[in-house]
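Structure record follows, encoded as structure tokens.
The values are calculated or read from the model by the stated rules, or taken from the named source; none is laboratory data. Computed from a predicted model, the values in this text were never measured in an experiment. Reconstructed Cβ throughout: ideal geometry from the backbone, glycine too, with neighbour counts over all protein chains shown. Quick note on the areas: whole protein, heavy atoms, side chains included, nothing else; ligands and nucleic acids left out. Shrake-Rupley method; radii C 1.70, N 1.55, O 1.52, S 1.80 Å.
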Amino acid sequence: QVQLVESGGGLVQAGGSLRLSCAASGRTFSSSAMGWFRQAPGKEREFVAASSWGGGSIHYADSVKGRFTISRDNAKNTVYLQMNSLKPEDTAVYYCAARTTNVVVIIPAEYAYWGQGTQVTVSS
């Protein structure tokens, strides 16, 4: 059974940092693109960042470019999202997701596996 488990969310003041982790189990994602999405109350789930297996293809949403960094430790089957200079508008539930191919895309429906989400709250 495939599982993606996020951790690292919490409450932080504006300008602060958090590091999210997503540990995958049940299969290897060594040939799969993985990404982060977020969903704020009353809004649709939106793309945040995604990386190919080797990190050769990485994409970020314009709203997080220069502030967030996605990285992977394929030996540990784990993907990270380092979030710096956090803003109140970054408040959302953050989800880790994985594809069955190594092509990076930004559409949530193209991701086959999802974690349960971790709450990130940024206070002003």
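Using 1/(1 + (r/R0)^6) with R0 = 30 angstrom and r between the beta carbons of Ser25 and Thr121, what's the FRET efficiency to the nearest 0.05?
On the way: r = 27 Å, r/R0 = 0.90.
My answer for the efficiency is 0.65.
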Problem set entry | Sum of side-chain charges, Gln39 neighbourhood, beta-carbon under 14 Å (Lys, Arg +1; Asp, Glu -1) | -2
For this session: Can you work out the accessible area per residue across the stretch 44-124, with the rest of the protein chains kept in place, probe 1.4 Å, in square angstrom?
Result: 49
For this session: Report the charge-dipole magnitude of the chain in Debye, nearest 20, computed about the Cα centre from +1 at each Lys and Arg Cβ and -1 at each Asp and Glu Cβ.
Result: 180
Problem set entry | Zone of Lys43's modelled label, taken as backbone nitrogen in the stretch 90-124 under 11 Å from a point 7 Å along Cα→Cβ | 90-93
For this session: Please provide three numbers in whole Å: the alpha-carbon extents of the stretch 4-53 along the principal axes, with the largest listed first.
Result: 35, 22, 18
Exercise. Hey, got the Cα dimensions of the stretch 48-124 along the principal axes, in Å, largest first?
Worked result: 39, 24, 24
Problem set entry | Residue-count net charge about Thr100 - beta-carbon cut-off 10 Å; Lys, Arg +1, Asp, Glu -1 | +1
Exercise. Expressed as a whole number of Å, what is the distance separating the alpha-carbon centroids of the stretch 84-124 and the stretch 1-70?
Worked result: 5
For this session: Report the one residue of Trp114, Ala97, Ser32 whose Cα lies farthest in the direction of the positive end of the charge dipole of the chain (charges on C-beta: Lys and Arg +1, Asp and Glu -1; origin at the Cα centre).
Result: Ser32
Exercise. Around Ser52, what is the net charge, scoring Lys/Arg as +1 and Asp/Glu as -1 over all other residues with Cβ under 11 Å from its Cβ?
Worked result: +2
Problem set entry | Cα pair distances of the stretch 1-114 binned at 5 Å [whole percent] | 2, 13, 25, 26, 19, 10, 4, 0
